[in-house]
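Taking it in order: structure first as structure tokens, then the write-up.
The values are calculated or read from the model by the stated rules, or taken from the named source; none is laboratory data. What you see is a predicted model; the values in this text were computed from it and never measured. Glycine gets a Cβ as well: all are built from the backbone with ideal geometry, and neighbour counts include every protein chain shown.
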Amino acid sequence: MNHQTCLIASLALAAAPALGARGEVHIVTSTPTLADIARQVGGGHVSVESVMKGPENFHNIIAKPSHMMRLRKADLFIHLGLDAEPWVPLIIRGSRQGHLYYGEPGNVDASRGIALKEVPARGELTRAEGDIHVFGNPHYHLDPLNGVIIARTIADALIAADSPHRDDYEKNFQDFAGRIDALTTRLTERMRAYQGTPIAVYHRSWPYFVDRFGLRQVAEVQPKPGIEPGPRHLSDCIETMERAGARVVITETFNNIRNAEYVAERVGGRAVVLAHEVGAVPEATSYEALVEYNVDALIEAFQAIGATAAPDGSTP
Ligand SMILES: [Zn+2]
């Protein structure tokens, strides 16, 4: 390293932010679910705020100067990565905080280490029709065991930013992982009666959840992620559900509930609004509460339509 490179390197280090006045790591997250996991792993050593509110759709947030101002105070910015949040690169650039740029330690991509589902084959990648999910399905946080992987990524980022508190971050992570493992085991047991039950979804937000709890997704109300259905697609969706014996439609707070209810009524079933984020519904007050609410609401819907799994794992 020559003298000039050395000088530039030390200037870059000098530009890295010191921790906040009270020695806390200030974390900004894109979504409230990431904020809740960061709070649980960070404990008393962090302050956390989310750009997005629970009921909003992370695909459709409009980047605002106020979001960029929030990032200016952040030691770490945690986001979902992939193409989940098209507004995130804009607010990172707009914040002008070099330590939050992609590839820098302050930029934490929560998709690291996740086994992605629905990754398009080479040659299928196109945004020609407004496609989203082009790097694989970005709704991975809805499988609780992926929540543990996210927590590990956050713990590693916190240890790198604030190594004196390494032991606390490790303990918080282990406690979180233990709680989630126990919760997943308990909920899997509750869902055992509905193994293989066919369901439809409004948006493709649920493949990680569906696989974790042994369900079978057979139809989607949106013809492609982010594209609203026309009458022809609604008819096709109803026909597919009837053929597969699916009578529950999973939707989110921000979707067109009339479309979901129309499809559900036509198959003699029901639409159920699940929590796609912490805070999406009042009951989803934490990550654990979100997962439990989703299983509870789905079981309630299955019971209302009288669905039970056949001994071979498929519903009659
Ligand atoms: Zn999506």
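Is it the case that D109 is over 25 Å from H203 (Cα atoms), of a type in the set (D, E) and in contact with a strand residue (DSSP E or B) (Cβ under 9 Å, 6 or more places away or on another chain)?
no
With crowded, with 20+ Cβ neighbours inside 10 Å and assigned to a helix (DSSP H, G or I) as the only criterion, which of A200, A193, A260 stands out? Spell out the reasoning first.
Working: A200 fails: assigned to a helix (DSSP H, G or I); A193 fails: crowded, with 20+ Cβ neighbours inside 10 Å.
Answer to the check: A260.
Out of all the residues in the stretch 176-191, is one or more within 16 Å of the ligand (Cβ to nearest atom) and under 17 Å from E288 (Cα atoms)?
Taking every residue of the stretch 176-191 in turn, none turns out to be within 16 Å of the ligand (Cβ to nearest atom) and under 17 Å from E288 (Cα atoms).
To keep it simple, each residue is scored yes or no on (1) within 23 Å of A289 (Cβ to Cβ); (2) loosely packed, with under 12 Cβ neighbours inside 10 Å; (3) among the β-branched types (V, I, T); (4) modelled with pLDDT under 95.
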site: N2; (1), (2), (3), (4): no, yes, no, yes
site: A16; (1), (2), (3), (4): no, no, no, yes
site: A21; (1), (2), (3), (4): no, yes, no, yes
site: V51; (1), (2), (3), (4): yes, no, yes, no
site: K73; (1), (2), (3), (4): no, no, no, yes
site: I78; (1), (2), (3), (4): yes, no, yes, no
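If the requirement is being within 16 Å of the ligand (Cβ to nearest atom), assigned by TED's automatic domain parsing to the domain that holds E277 and under 18 Å from A307 (Cα atoms), which of these qualifies: V218, V201?
V201
Only one of V108, V148 is among the hydrophobic types (A, V, I, L, M, F, W, C), assigned to a helix (DSSP H, G or I), more than 15 Å from the ligand (Cβ to nearest atom) and out of contact with any Cys (no Cβ under 9 Å at 6 or more places or on another chain); which?
After applying the criteria, what remains is V148.
For the subset of the stretch 236-257 comprising residues that are touching a helix residue (DSSP H, G or I) at 6+ places or on another chain (Cβ under 9 Å) and part of a helix (DSSP H, G or I), which member is nearest to Y202 (Cα to Cα)?
C237
I'd like to verify a number: residues in the stretch 272-309 that are touching a residue at least 40 places away in the same chain (Cβ under 8 Å) and not in a loop (DSSP other than H, G, I, E, B), how many?
Selection size over the stretch 272-309: 12.
Would you mention how many residues in the stretch 111-136 are within 15 Å of the ligand (Cβ to nearest atom) and at pLDDT 95 or above?
4
Are there any pairs, at least 6 apart or on different chains, whose C-beta atoms fall under 9 Å, with the first in the stretch 162-178 and more than 13 Å from G44 (Cβ to Cβ) and in contact (Cβ under 8 Å) with a residue 12 or more places away in the chain and the second aromatic (F, W, Y) and part of a helix (DSSP H, G or I), and if so, which?
F176/Y287
Taking the stretch 53-101, which residues are aliphatic (A, V, I, L, M) and either within 16 Å of the ligand (Cβ to nearest atom) or over 22 Å from the mean Cα position of the chain (by Cα) (or both)?
Result: I61, M69, L80, L82, A84, V88.
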